[in-house]
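*Asks:* Take this structure, written in structure tokens, and hold onto it; I'll ask about it next.
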Amino acid sequence: MFMEFSIHKATAEDASIIATLFDAYRMFYQQPSDIKGATEFITERLQQNESVIFIAFINNVAVGFTQLYPIFTSVGMQRTWLLNDLYIDSSARGKGIASALLDAAKDFGRSTNSKWLMLQTGITNAAAQSLYEKNGWHKETDLFYSINL
């Protein structure tokens, strides 16, 4: 059965709606539940225009989101976006919502004259890797390093 869904760009007024999904996303990555912290974090990002979030709805219920952070490429001298978060509630998976959110991110990147979008996922997250590759994303061979501060 086909289920219709809609996607819209979030505003700060959507923070509490996103926070529940954001909290579930963080728990997927073995973080403790923290609805208050999730709400504060999302509210701050949106109020300060530090991220762009697209939310997916089925029957006016939020079932997924993706969050992008602005970055820049010095070599390319252009804006780029880091697609940092993508989450679909388990009840809504397999309905094309993740692909639609990825398309919304790509359309947004094009509309902001961005050079590219980038993302990172866990090396063992085969389902996510398959989704990204199915949607035209390419695995990079550059090495990334990090340091905890």
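*Asks:* Counting every Cα pair in the range 37-124, what percent are over 21 Å apart?
*Replies:* 36
*Asks:* Something else about it: Within the P(r) computed for the range 7-48, what percentage of the Cα pairs occupies the region above 15 Å?
*Replies:* Taking all Cα-Cα pairs of the range 7-48, the fraction more than 15 Å apart is 37 percent.
*Asks:* Just check the range 68-116 against the gyration tensor rule for me: Cα atoms, a ≥ b ≥ c as the square roots of the eigenvalues, rounded for a/c under 1.5, and otherwise prolate or oblate depending on whether a/b exceeds b/c.
*Replies:* prolate
*Asks:* Another question, if that's okay. What pairs in Lys36/Lys134; Lys106/Lys134; Lys9/Lys36; Lys36/Lys139; Lys106/Lys139; Lys36/Lys115 have C-alpha atoms more than 26 Å from each other?
*Replies:* Correct reply: Lys36/Lys134; Lys36/Lys139; Lys36/Lys115.
*Asks:* Over the Cα atoms of the chain, what Rg and Dmax result, in angstrom?
*Replies:* Expressed in Å, the Cα Rg and Dmax of the chain come to 15.4, 48.
*Asks:* In the range 76-149, what is the volume of the convex hull around the alpha carbon atoms, normalised per residue and reported in Å³?
*Replies:* For the range 76-149, the hull spanned by Cα atoms encloses 136 Å³ per residue.
*Asks:* Here's a follow-up. Taking the Kirkwood radius as the inverse of the mean 1/r across Cα pairs, report the Rg/Rh of the range 24-69.
*Replies:* 0.99
*Asks:* Semi-axes of the equivalent ellipsoid of the range 1-86: what are they in whole Å, largest first, if each equals the square root of 5 times a C-alpha gyration tensor eigenvalue?
*Replies:* Each semi-axis is the square root of five times an eigenvalue, giving 23, 17, 13 Å.
*Asks:* Hey, in the GNM for the chain with a 10 angstrom Cα cutoff, which one of Ala12, Ala98, Ala62 fluctuates hardest?
*Replies:* With Cα springs under 10 Å in the chain, the top fluctuation among Ala12, Ala98, Ala62 is at Ala12.
*Asks:* Tell me, which longest segment in the chain has none of the GluC sites (Glu not before Pro) that fall in DSSP loops with at most 13 further Cβ atoms within 10 Å?
*Replies:* Longest stretch, sites excluded: 51-139.
*Asks:* Rounded to whole Å, give me the distance from the Cα center of the range 114-149 to that of the range 18-90.
*Replies:* 16
*Asks:* Can you spot the aspartates and glutamates whose alpha carbon is less than 13 Å from Lys95's alpha carbon? Ignore those fewer than 8 places along the same chain.
*Replies:* Glu4
*Asks:* Shape verdict for the range 110-149, please, from the Cα gyration tensor: rounded (a/c under 1.5), prolate (a/b greater than b/c) or oblate.
*Replies:* Judged from the Cα gyration tensor, the range 110-149 comes out oblate (a/c at least 1.5, b/c at or above a/b).
*Asks:* About the Cα centre of the chain, what is the dipole size in debye to 20, counting +1 per Lys and Arg Cβ and -1 per Asp and Glu Cβ, all else neutral?
*Replies:* Taking the Cα centre of the chain as origin, the dipole is about 340 debye.
Taken together, the values in this text are just the output of simple stated rules run on the coordinates, not laboratory data. Note that the structure is a prediction, hence the values are computed from the model and not measured. Neighbour counts run over all protein chains shown; Cβ positions are idealised from the backbone, glycine included.
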